[in-house]
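Quick notes on the structure that follows.
The values are calculated or read from the model by the stated rules, or taken from the named source; none is laboratory data. As the structure is a computational prediction, the values presented were derived from the model and not from experiment. All Cβ positions, even for glycine, are placed from backbone atoms using ideal geometry, and neighbour counts span all protein chains on display. Ligands, DNA and RNA are stripped out before the accessible areas are found, and what is left, the full protein with its side chains, is counted by its heavy atoms. Shrake-Rupley method; radii C 1.70, N 1.55, O 1.52, S 1.80 Å.
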Amino acid sequence: MMNTHIEDTYRAKGLRQQLVETLLSKGITDKTVLAAINEVPRHVFLDSSFVEFAYQDKAFPIGSGQTISQPSTVAFQTQLLGVEKGMKVLEIGTGSGYQACVLAAIGAKVFSIERQRNLFFKTKEILEQLPFRVKVFLGDGFEGLPTYAPFDRIIITAGAPSIPEKLIAQMKDNAVMVIPMDNANGEGQTMLKITKMADGSLKKEEFGGFKFVPMLKEIGND
Ligand code: SAH
């Protein structure tokens with residue numbers, strides 16, 4: 001189905017600048033990240049032209065029981081990831097495609113995996129109409145993309161039950177993974193930054209509590 005809200009508008013641009021101010025006040029200080037948020041039109045990833053809603057700092061349903069992450073969460077994960085121009089970045093959980101475009105706006109080569117068939121095709125169609133270079137794949141994020149590995153950065157945008165071993169194997173030396181890890185009490189996730197050291201060991205740092213949809217194994221058709 002054609003998305004009729006693909007155009008950017010002055011109204012949306014203005015709201016986006018306000019969103020950037022909100023993110024600044026919430027502790028996002030990385031200028032590269034803020035510039036990317038300012039550049040990517042978030043309203044085109046939503047079903048209808050909810051321009052006002054699109055630029056509030058809120059998560060939003062995108063169908064197939066999934067959500068587009070809250071802008072402050074997207075910005076926080078992106079800042080933590082420390083992306084630089086030209087880096088190869090793997091995203092697990094394409095969802096709406098918004099996070100992937102924010103990474104692409106920074107100049108990363110983005111590879112993103114989504115397991116929900118319907119969402120994958122819907123998002124692929126939207127991405128084809130945007131100027132951001134993102135390669136999307138229908139598959140299981142736990143497997144990663146061995147063909148395109150190794151990666152400089154890996155970002156997981158669903159709650160992970162464990163650190164996916166196959167993804168660790170697809171990281172370069174000194175590569176960084178940002179992953180929301182399920183808390184033992186079953187309530188939400190703790191944001192982890194994992195650095196793969198040159199000797200293969202993993203340095204793990206914790207960055208507070210979040211709430212994501214779960215990372216699931218089998219391909220979903222809903
Ligand atoms: N990054 C997205 C937010 C996605 S929400 C955005 O910017 O909009 C998490 C997504 O992860 C959902 O779309 C869900 O279907 C997907 N997902 C869950 N388990 C997965 C898996 N094993 N592999 C790939 N994607 C998965």
* Asked: What aspartates and glutamates sit close enough to residue 124 to cross-link, taking a C-alpha to C-alpha distance under 19 Å and skipping anything fewer than 8 places away on the same chain?
  -> 7, 8, 47, 91, 114, 140, 222
* Asked: What FRET efficiency, computed as 1/(1 + (r/R0)^6) with R0 = 25 Å and r the Cβ-Cβ distance, is obtained for residue 9 and residue 56, rounded to the nearest 0.05?
  -> 0.90
* What is the extension gain from residue 38 to residue 216, computed as 0.36 nm multiplied by their sequence separation minus the C-alpha to C-alpha distance, in nm to one decimal? -> 60.9 nm
* For the chain, find the longest principal axis of its Cα atoms and tell me its angle to the long axis of helix 71-81, 0 to 90°, nearest 10. => 40
* Structure fact -> Note, region 135-147: 3J(HN,Hα) by Karplus (6.51, -1.76, 1.60, θ = phi - 60°), whole Hz, Gly/Pro = x, goes 9, 10, 9, 8, x, 9, x, 4, 7, x, 9, x, 4
* Looking at this model, which pairs from 31/58; 122/196; 13/166; 31/211 are more than 32 angstrom apart at the alpha-carbon? -> 122/196; 13/166
* Computed accessible area, residue 58, all protein chains, 1.4 angstrom probe, square angstrom -> 110
* Asked: Sequence-distant or interchain residues sharing an amide H contact under 5 Å with residue 108, placed H: which?
  -> 86
* Under Karplus coefficients 6.51, -1.76 and 1.60, residue-wise ³J(HN,Hα) of region 53-68 in Hz, glycine/proline x -> 5, 4, 9, 7, 7, 9, 6, 8, x, 10, x, 6, x, 10, 10, 7
* Asked: Under 5 Å between amide H atoms, partner at least 5 residues away or on a different chain: which partners does residue 67 have, H built in plane at 1.01 Å?
  -> 62
* **Beta bridge orientation in the chain: antiparallel %, DSSP, nearest 5** => 45
* To do: Quick one: work out the % antiparallel among DSSP beta bridges in region 94-222, nearest 5.
  => 55
